[in-house]
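To start, the structure itself, in structure tokens.
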Amino acid sequence: MTAAASSLNSGIFSAGRHFFQLAEEAPKDSFLKKHFAKISANGVPAAGIAVSVALMLIAPIMSFSSTAIEVFGTVAGATSDMYILVYVLALLAHRKYRKSSDFIVAGFKMPFYKLSSPLTIAFFLVIFFSLFFIPADVFGASLAASWALLFGGWCWLSEKH
């Protein structure tokens with residue numbers, strides 16, 4: 001119980017601080033900046049912590065709706081699918097970085113990046129799309145794809161404006 005409580009506490013506060021950091025970097029007149037880029041009198045990002053707690057409450061609510069195995073499968077599937085998408089985005093960002101003026105020639109370089117990067121991206125995409133052919137993983141893959149499309153679309157529209 002102590003380890004579980006410690007893990008939950010760590011998750012709540014790290015998510016809250018990440019949320020605060022995102023709000024700090026948001027444009028001045030944005031909703032995030034106005035409501036979440038604040039520190040409480042106790043020195044914690046209370047609004048970000050409240051959001052992370054609210055989002056973490058989804059797990060116990062889900063456990064009431066079906067068996068624990070189904071819930072675990074859904075959550076594990078959706079999060080692992082999101083990891084695949086995050087790694088693809090990291091590889092795409094690396095490729096863009098290599099072409100930018102910020103690239104540090106003397107820094108760490110991905111070996112054979114011109115070949116290994118697209119092959120790795122293709123490998124991850126094949127894995128991701130193959131999940132839609134496994135009945136147990138379709139729901140999690142659909143959640144991950146929906147989140148990526150909604151969040152990516154929102155980010156793209158925000159940047160465009």
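The values are calculated or read from the model by the stated rules, or taken from the named source; none is laboratory data. Keep in mind the model is a prediction, meaning the values are calculated, not measured. FYI the Cβ positions are ideal-geometry reconstructions off the backbone, even for glycines, and counts take in every protein chain you see. Areas reflect the complete protein model, heavy atoms only, side chains present, ligands, DNA and RNA absent. Shrake-Rupley method; radii C 1.70, N 1.55, O 1.52, S 1.80 Å.
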Residues of region 126-156 being open to solvent by less than 90 Å² (accessible area, probe 1.4 Å) and either touching a strand residue (DSSP E or B) at 6+ places or on another chain (Cβ under 7 Å) or not small (Gly, Ala, Ser) (or both), in sequence order, are Ile127, Phe128, Leu131, Phe132, Ile134, Asp137, Val138, Leu143, Cys155
(1) without any contact (Cβ under 8 Å) to a residue 40 or more places away in the chain; (2) in a helix (DSSP H, G or I); (3) surrounded by fewer than 15 Cβ atoms within 10 Å (Cβ to Cβ) all hold for Ala47 apart from (3)
Result of the Cβ filter at 6 Å on region 137-152, keeping first residues that are more than 12 Å from Val75 (Cα to Cα) and in a helix (DSSP H, G or I) and partners that are open to solvent by less than 40 Å² (accessible area, probe 1.4 Å) and not small (Gly, Ala, Ser), at least 6 apart or interchain, is Ala148/Leu85
If we keep only residues of region 7-34 that are loosely packed, with under 12 Cβ neighbours inside 10 Å and part of a loop (DSSP other than H, G, I, E, B), then the residue nearest to the chain's Cα centre (by Cα) is Pro27
If you go through Ala4, Ala78, Ala37, Ala93, the only one that is under 18 Å from the mean Cα position of the chain (by Cα), without any contact (Cβ under 8 Å) to a residue 24 or more places away in the chain and open to solvent by less than 70 Å² (accessible area, probe 1.4 Å) is Ala93
